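Student: Below: one structure in structure tokens.
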There are 6 protein chains.
Amino acid sequence: MRVTVSRKAHFNSAHRLYRKDWSMEQNNTIFGKCNNPNYHGHNYELIASVTGEIDQETGFVIDVKILKDIIKKEIEDAFDHKNLNLDVPEFKDLNPTAENIAVVIHQKIKAKLASNLDLEVTLYETPRNFVTYSG
Amino acid sequence: MRVTVSRKAHFNSAHRLYRKDWSMEQNNTIFGKCNNPNYHGHNYELIASVTGEIDQETGFVIDVKILKDIIKKEIEDAFDHKNLNLDVPEFKDLNPTAENIAVVIHQKIKAKLASNLDLEVTLYETPRNFVTYSG
Amino acid sequence: MRVTVSRKAHFNSAHRLYRKDWSMEQNNTIFGKCNNPNYHGHNYELIASVTGEIDQETGFVIDVKILKDIIKKEIEDAFDHKNLNLDVPEFKDLNPTAENIAVVIHQKIKAKLASNLDLEVTLYETPRNFVTYSG
Amino acid sequence: MRVTVSRKAHFNSAHRLYRKDWSMEQNNTIFGKCNNPNYHGHNYELIASVTGEIDQETGFVIDVKILKDIIKKEIEDAFDHKNLNLDVPEFKDLNPTAENIAVVIHQKIKAKLASNLDLEVTLYETPRNFVTYSG
Amino acid sequence: MRVTVSRKAHFNSAHRLYRKDWSMEQNNTIFGKCNNPNYHGHNYELIASVTGEIDQETGFVIDVKILKDIIKKEIEDAFDHKNLNLDVPEFKDLNPTAENIAVVIHQKIKAKLASNLDLEVTLYETPRNFVTYSG
Amino acid sequence: MRVTVSRKAHFNSAHRLYRKDWSMEQNNTIFGKCNNPNYHGHNYELIASVTGEIDQETGFVIDVKILKDIIKKEIEDAFDHKNLNLDVPEFKDLNPTAENIAVVIHQKIKAKLASNLDLEVTLYETPRNFVTYSG
């Protein structure tokens, strides 16, 4: 019996969408007001969804406390109250779009899970915009 | 790396569930109070979810601004503050159940997307009832 | 110790904002797309908030079950899956704006409460627009 | 055209996570504060999602009223305002983790659906923790 | 300039509504299924709202971190994953209705605030039922 | 009959809490991780609540469309996708705490309302932290 266990978390960050190798004009054309050189920011809401077999002894797929601690250490401690472009190494040369942030989060959490567990990441940039990545 | 990008939108409409070729009694049996001849209405909340590869240049699967504009033109302008049965051509001979509305929305948005993008539509008729259609 | 007890409820209705004694042009100027002659509709979400002293015997200001039943009988049975303009007597000659609907709801619920209880009504026309009336 | 129809419901229950065949110490190690011998509780929020073909006559995959009634009879009447460990036979010898509750709910609802309909159950133990089971 | 600062928190507890000095029959008449002798439970969501003057030096009425820590120590550590009737001294002889819980929470938090700050407590027993107490 | 009409809006901004006339150490002591020199950010959700008499002709206290346009012009256009410290003149020498932002928003919206209308502003910095200011 494969079940998916999901945990919500959140972090508040500044970011700017742009490419260093593009002109300001080109960045404005593609990224619009998201290219503000002084940054803007979001309350990112994260759902990490782990799929696996129910352990018949405990009744857990994964102890949510363990999942919560992985998210705290790997994501919240690294991203919360940070400027994604300036403070987070993964985005030094990677544009922090919601898509790219979700992929980075997926890689960081997946690396800490047992290999028989699948992971899907849903990331809300705003209550109206969100992305999903399953690896 | 295939990622899903989702955008929420909304429209407020009146509708009535019934078949013109059925008697009032038969419509009442199947559609109950949804068959009120004077109509009732809903705040429909829509999630359009577009799946595709991340563009390595922009970091976008689709620019959410473009998706937002498609939804506005194809769905909000056509359905918002309308009577679905009387004002929206697609429902002239199609019962505007949540299922059928979701299929119509899917067809209208899909026609405006690049062919390599997949689309899933989730439509909330109320906060407690919703439908999902993937084409 | 005065405490406020609140209960949420909901009803789905069609309505149209207009005055019968105004021209179509004048109604369009003031009420815009809300004046669609074929109606539009909403999922109205209602919060009825009752304030009074805690009964020292029961620990209740009012049994929420009683409040729920009053709302069901007075509001949901009367408004749900109805056309407010055509099916609800209170709006025969009263424009069903959110403000006016809240006042009518307040009057109907207040009449069923013990006289020592105060009532505030909050009515969400959409998740983004709502009104509050305290009598 | 296969569409998924989802209905939300809820029930409020007490529970305790533990195994009768384990020592208190072992239960505390694995289940932590969820092993409180005096129980704790949750407002469980349930989404039952039924997938099938749209009936071309009615425009329904399943009449939501029927789905609502199945959930009420099978789940709400059985679980609401109950102690899952003591009052619900299915958990007499099954640890009521969110995962196991979701599986039991799936079995109970699936048994009442037409065989050509698929079912997915999502169960929120809290607004931050939830599980999904598709059978 | 008086501003209100609000912080949300939550705790998950079991409880039973009844009076020890009443018969089972009388308790059932007044408290219905809330009188289940085996308890039921809720995810209580709490909003603590503190009103005072903005400190012109910091721009804070109260540092939300301080408010968060008071709530954690006074309420979450005391109530979370507990049986309110059996594990929480304040309810040994006080029926844990939402009203009474809100009053107890108010007293516990107010005692830790500077005397020039006002406090209002809103307690959601479910997403549909909540109470408010201002002292 | 005085009724309150509320409208929700939102803006996404970067900010940093600190005083220019304090040392980095002193700012860290008071503002903690909110003092990140590279900024962090939030999805601010705003509720503007306008109280006045119902106009007996229209049934409106204020046309929500007018309120929406005031919020867009005065707040969203000025704050959205901006760095509050660097891009918004009001915070050049004012620490952009939620309290101070709410006061500034109140002043800007109030100046555009008819003088017989009262205004309350609620500003969510996160879904868990919010402030309210009534002037």
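The values are calculated or read from the model by the stated rules, or taken from the named source; none is laboratory data. All of these numbers come straight from a predicted model, not from anything done at the bench. Positions of Cβ are backbone-derived with ideal geometry, glycine not excepted, and every protein chain shown enters the neighbour counts. What goes into the accessible areas is simple: the full protein's heavy atoms, side chains included, and nothing from ligands, DNA or RNA. Shrake-Rupley method; radii C 1.70, N 1.55, O 1.52, S 1.80 Å.
Student: Checking A:Val88 against (1) under 17 Å from D:Ile30 (Cα atoms); (2) more than 9 Å from every other protein chain (Cβ to nearest Cβ), which test does it fail?
Tutor: Result: A:Val88 passes all but (1).
Student: For the range E:1-40, which residues satisfy the criterion of being part of a strand (DSSP E or B) and either open to solvent by less than 30 Å² (accessible area, probe 1.4 Å) or farther than 17 Å from E:Val131 by Cα (or both)?
Tutor: So in the range E:1-40, the residues part of a strand (DSSP E or B) come out as E:2-15, E:40.
Hits for the range E:1-40 are E:Arg2, E:Val3, E:Thr4, E:Val5, E:Ser6, E:Ala9, E:Phe11, E:Asn12, E:Ser13, E:Ala14, E:His15, E:His40.
Student: Inspect all residues belonging to the range C:91-107 and state whether any of them is more than 9 Å from every other protein chain (Cβ to nearest Cβ), polar (S, T, N, Q) and open to solvent by 10 Å² or more (accessible area, probe 1.4 Å).
Tutor: Checking the range C:91-107: at least one residue is more than 9 Å from every other protein chain (Cβ to nearest Cβ), polar (S, T, N, Q) and open to solvent by 10 Å² or more (accessible area, probe 1.4 Å).
Student: For the range D:74-85, which residues satisfy the criterion of being surrounded by fewer than 23 Cβ atoms within 10 Å (Cβ to Cβ), within 14 Å of chain E (Cβ to nearest Cβ) and assigned to a helix (DSSP H, G or I)?
Tutor: Of everything in the range D:74-85, those that are surrounded by fewer than 23 Cβ atoms within 10 Å (Cβ to Cβ), within 14 Å of chain E (Cβ to nearest Cβ) and assigned to a helix (DSSP H, G or I) turn out to be D:Glu76, D:Asp77, D:Ala78, D:Asn85.
Student: Pick out the one residue from D:Asp80, D:Asp93, D:Asp55, D:Asp87 that is charged (D, E, K, R) and closer than 28 Å to B:Asn95 by Cβ. Give the steps one after another, and end with the answer.
Tutor: Details: D:Asp80 fails: closer than 28 Å to B:Asn95 by Cβ; D:Asp93 fails: closer than 28 Å to B:Asn95 by Cβ; D:Asp87 fails: closer than 28 Å to B:Asn95 by Cβ.
After ruling out the rest, the residue left standing is D:Asp55.
Student: Among (1) touching a residue at least 60 places away in the same chain (Cβ under 8 Å); (2) more than 9 Å from the chain's Cα centre (by Cα); (3) at the interface with another protein chain (Cβ under 10 Å from one of its Cβ atoms), where does B:Asn116 come up short?
Tutor: It fails just one condition, (3).
Student: Ok, one more. Among (1) farther than 26 Å from F:Arg128 by Cβ; (2) part of a helix (DSSP H, G or I), which single condition is F:Ile71 missing?
Tutor: (1)
Student: Something else about it: In the range F:41-58, is there at least one residue being closer than 22 Å to F:Ser134 by Cβ, part of a helix (DSSP H, G or I), within 16 Å of the chain's Cα centre (by Cα) and modelled with pLDDT of 95 or more?
Tutor: no
Student: Determine, yes or no, whether C:Ile62 is surrounded by 16 or more Cβ atoms within 10 Å (Cβ to Cβ), more than 9 Å from every other protein chain (Cβ to nearest Cβ) and under 29 Å from B:Tyr44 (Cα atoms). Working first, answer last.
Tutor: On the way: surrounded by 16 or more Cβ atoms within 10 Å (Cβ to Cβ): yes; more than 9 Å from every other protein chain (Cβ to nearest Cβ): yes; under 29 Å from B:Tyr44 (Cα atoms): no.
Against the criterion (surrounded by 16 or more Cβ atoms within 10 Å (Cβ to Cβ), more than 9 Å from every other protein chain (Cβ to nearest Cβ) and under 29 Å from B:Tyr44 (Cα atoms)), C:Ile62 does not qualify.
Student: Going residue by residue through the range A:41-49, is there one that turns out to be without any contact (Cβ under 8 Å) to a residue 60 or more places away in the chain and open to solvent by 40 Å² or more (accessible area, probe 1.4 Å)?
Tutor: Scanning the range A:41-49 turns up no residue that is without any contact (Cβ under 8 Å) to a residue 60 or more places away in the chain and open to solvent by 40 Å² or more (accessible area, probe 1.4 Å).
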